[in-house]
Amino acid sequence: QEDTIPRQANAALQAKEESIQSLLQATSAAREKETEEILSSETKRITSEVQFEYQQQLQNEMAAMKEKYMKELEEHANVMKGLQEKLGVLESRLEVSRNYESGSKRAHKISAAALALANKLEVGETAAVEIAALKGAAGDEGVIASAVKMIPKSADAGVPTVTNLQAAFDKTYAIGRQAAMVPEGRSGLEGQLLGMIFAKLSVPPSPDSVPTSEEEGNVADGILSLARKYVQLGDLEKAVDQLNKLKGQAAYVVQDWKVQASDRISTERALKVIKLECALLNKDLVNSGS
């Protein structure tokens, strides 16, 4: 009987201890789960806030970049529009005298520099020295100064002539047709080979009856035929307008030629303004001396 009481007491203590341990484990598990839930919730909240802040910042930067680009584009368009309007006025007033601030020495210097520049640009030779000379003679203001700014940077090394571009377009046209014939979705080597085969086997559409939809024929092939017609006629502006309609690989392969043609167009426009302004300048000198 004396042994029974201690055993019962020990058993009760053991049960009590096990109950406490069980309670502690349950409490610990509950706290751990609650902590994990809090941590997960905070993580999601912080992540969401960071993503939102990043998106807002990105949107603001994109908006600022877009606004800046649109402003620059608008300014460029305004400059080009102003030059075009000025050109129209000059052409309509070719026989009208104008008063110039500069005297005969400046007029002769500008004319000589303009002539030297025109001689270089018309044959596609390097013209960096001549451009700098005309800039120095004409100054930073006036029609000639604005026209010089129209001359592309590539003129420093020489802009291809219309004849050069006509000769170069033969290769561009052939490569463009191959690209236009590549089956949709097959831009790899196999597609390129198929494009070459189709281009050789097919007859280019007549520029007088080009397809206007894929049901009628290859639209890109028709665009290239029209562009070639305008190139042969020496009408680079219309040729570039046609090439601007191309998309995908066909647009990519004609890009280099199109850039050179656009440079020649800008060069011709600038030369036209410069020559016209020099003619008016010399006419004014003649009238003032008579």
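The values are calculated or read from the model by the stated rules, or taken from the named source; none is laboratory data. No experiment lies behind these values; they were computed from the predicted model shown. Cβ coordinates were reconstructed from backbone atoms using ideal geometry, including for glycine residues, and neighbour counts include every protein chain displayed. In case anyone asks, the SASA skips ligands and DNA or RNA and just uses the protein heavy atoms, side chains included. Shrake-Rupley method; radii C 1.70, N 1.55, O 1.52, S 1.80 Å.
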Scanning the stretch 167-199 for residues that are modelled with pLDDT under 75 and charged (D, E, K, R) gives 184, 186, 190
Going through (1) open to solvent by 80 Å² or more (accessible area, probe 1.4 Å); (2) at pLDDT 80 or above; (3) under 27 Å from the mean Cα position of the chain (by Cα) one by one, residue 69 fails only at (2)
At pLDDT below 80, in a helix (DSSP H, G or I) and over 30 Å from residue 280 (Cα atoms) - does that describe any residue in the stretch 73-94?
-> yes
Only one of (1) at pLDDT 85 or above; (2) open to solvent by less than 70 Å² (accessible area, probe 1.4 Å); (3) closer than 15 Å to residue 281 by Cβ does not apply to residue 41, and that is (3)
Residue hits (the stretch 243-256; under 16 Å from residue 170 (Cβ atoms) and open to solvent by 10 Å² or more (accessible area, probe 1.4 Å)) are 253, 256
Within the stretch 123-151, the count of residues that are of a type in the set (Asp, Glu) and at pLDDT below 90 comes to 2
Scanning the stretch 152-166 for residues that are touching a Leu at 6+ places or on another chain (Cβ under 7 Å) and in a helix (DSSP H, G or I), the one modelled with the lowest pLDDT turns out to be 155
Residue 9 meets each of (1) open to solvent by less than 100 Å² (accessible area, probe 1.4 Å); (2) closer than 30 Å to residue 150 by Cβ with one exception, condition (2)
Checked the stretch 44-54 for anything of a type in the set (Val, Ile, Thr) and open to solvent by 70 Å² or more (accessible area, probe 1.4 Å); matches are 46, 50
In the stretch 161-177, anything open to solvent by 30 Å² or more (accessible area, probe 1.4 Å) and either in contact (Cβ under 8 Å) with a residue 60 or more places away in the chain or of a type in the set (Phe, Trp, Tyr) (or both) is listed as 162, 166, 168, 175
Of those in the stretch 111-151 that are in a loop (DSSP other than H, G, I, E, B) and not acidic (Asp, Glu), the residue surrounded by the most Cβ atoms within 10 Å (Cβ to Cβ) is 127
